[in-house]
1. Using θ = phi - 60° and the Karplus form 6.51 cos²θ - 1.76 cosθ + 1.60, what ³J(HN,Hα) does each residue of the stretch 58-64 get, whole Hz, x for Gly and Pro?
2. Rounded to the nearest whole Å², what accessible area per residue is found for the stretch 166-269 with the 1.4 Å probe?
3. Given a 1.4 Å probe and heavy atoms of the protein chains only, how would you sort Lys299, Lys69, Lys54, largest accessible area at the top?
4. If you split all Cα-Cα distances of the stretch 154-238 into 10 Å bins from zero, what percentages do you get per bin, shortest first?
5. Of the accessible area of the stretch 186-279, with the probe set at 1.4 angstrom, what percent is carbon plus sulfur?
6. So what is log10(I(q)/I(0)) for the stretch 187-290 at q = 0.15, 0.16, 0.17 1/Å, when the Debye sum runs over its Cα atoms only?
7. From the phi angles alone, apply the Karplus equation (6.51, -1.76, 1.60; θ = phi - 60°) to the stretch 286-292 and give each ³J(HN,Hα) in whole Hz, x where the residue is Gly or Pro.
8. Sorting check: for 183-193, 202-212, which peptide has the highest mean count of neighbouring beta carbons within 10 Å, and how do the rest follow?
Amino acid sequence: MYWLEVSVTVDGEAAEAIAEVLRPFTVGDGVVMEQKGDASALDPLALEPEVAVKIYLPEEQDLPEVRAKIEESLYHLGRLYPIPEPQFRRLEDEDWATAWRKHYHPFRVGRRIWIHPSWLEPTESEPGDTVISVDPGMAFGTGLHPSTQMCLQMLEDLVLPGTRVLDVGTGSGILSTAAAKLGAERVLAHDTDRLAVLAAAENVQRNGVDGRVMLFQGELRAIHRSDWDLVVVNILAPVIIQLLSTECLADYCGQNGRLVLSGIIEEQESEVLSALAAASFIVNDRKAIRDWVCLTAGKEKSAAPIGTG
C-alpha cells in the first residue's frame, strides 16, 4: 500500500484558501502547511516567501477521477488568484491519518510570538515568548497569511496590561488569543459565522485564556460598549470601508483608542485612508508585506498609551 501526496506551493496569501479547497479530500482533516524559511529567525519576514500545502490520500483513493476533481477545484480557485498545478507523488506506506502531523512545524511571528500545533510542545520558544497553540486542522486562520501576521506584530506593540480589545470578525480567534496572552485585561470577539465562533472557542480554551476572552455570534451593531482601547479588524478592505462608513466602526474606540485594520490590498489602501479621514481618524503606524497592508489609526496623531483609560 502507498499514500499519494498532493502538494501545491504558493505564497502565504493563498495557502489557507488552498487548504480549504483540499480539506474535503483529506484523511482526518490532515492538511499540512509547511512554511519555508528559518522557523527560529527573529526577522518577521523570514518565513514569508512560500508555503507548501499538502494532503495525503490512501492508495484506494488514488483514482483518475479523484485527481481530476482536485485539479478542477484548484483550477476554479486559480481564476481568482494565480495557483500552480498540483504535484502528485507516491510515498511509502505510513499511517498518514496521524503521521502527517510531523510535517507541521511551529513558526515565529514578530519578535516574540510563537505559533505551534496543539500536539507539539513549544520547545524552540525562548523565555518571554508568547506561545499560541492553534490546530492547523481547523479553518478560519492559522497565522500563515501576511495580514494576520502583521496584526500580530501590531498587537505586540500595542497591547499593555489593562488593555481592552474588540476583535471584529474573529475567525479562528488567533488575534483574541494573542491579545489575551500579551496581557489584555478583557477581549470581546465576535463573528457572524457559527463555525468560526466554535473554532475560536476551542482555540481560546486550549490556550487557557477563556477567562479573559468573551465570544459571541452576531453583528457588530449588537455590541453596545464603545470605549475599547483596541479595535482589531482583519477582514478585507471593502468590508473595512463598509464598517467605517455604515457601521460606525470608529465609534467603538475610546478617547485614546486605536483601530488596527488589516486584510488591505495596497491598491485599495487609499480608499481605506479616505474612510478613516471621514471618521476623523489618522494613521499612526503602517506595515506592509508585499502587496498587503496593515494600518493602525487613532483619533489624534499622538494618542496616550492604551490601557490607561
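The values are calculated or read from the model by the stated rules, or taken from the named source; none is laboratory data. Just so we're clear, the structure is a prediction, and the values are computed from it rather than from any experiment. Cβ sites come from the backbone with ideal geometry, for glycine too, and all protein chains shown count toward neighbours. Accessible surface is based on the protein model in full, side chains and every heavy atom, while ligands, DNA and RNA are left aside. Shrake-Rupley method; radii C 1.70, N 1.55, O 1.52, S 1.80 Å.
1. Residue by residue, the stretch 58-64 yields x, 3, 5, 9, 7, 10, x Hz.
2. Working: 4140 Å² over 104 residues.
In whole numbers, the stretch 166-269 has 40 Å² accessible per residue.
3. The most accessible residue leads, giving Lys69, Lys299, Lys54.
4. 20, 55, 24, 1
5. The C+S portion of the solvent-accessible surface of the stretch 186-279 is 50 percent.
6. -0.69, -0.78, -0.87
7. Result, rounded to whole Hz: 9, 10, 9, 10, 6, 9, 9.
8. Put in order of decreasing packing, that is 183-193, 202-212.
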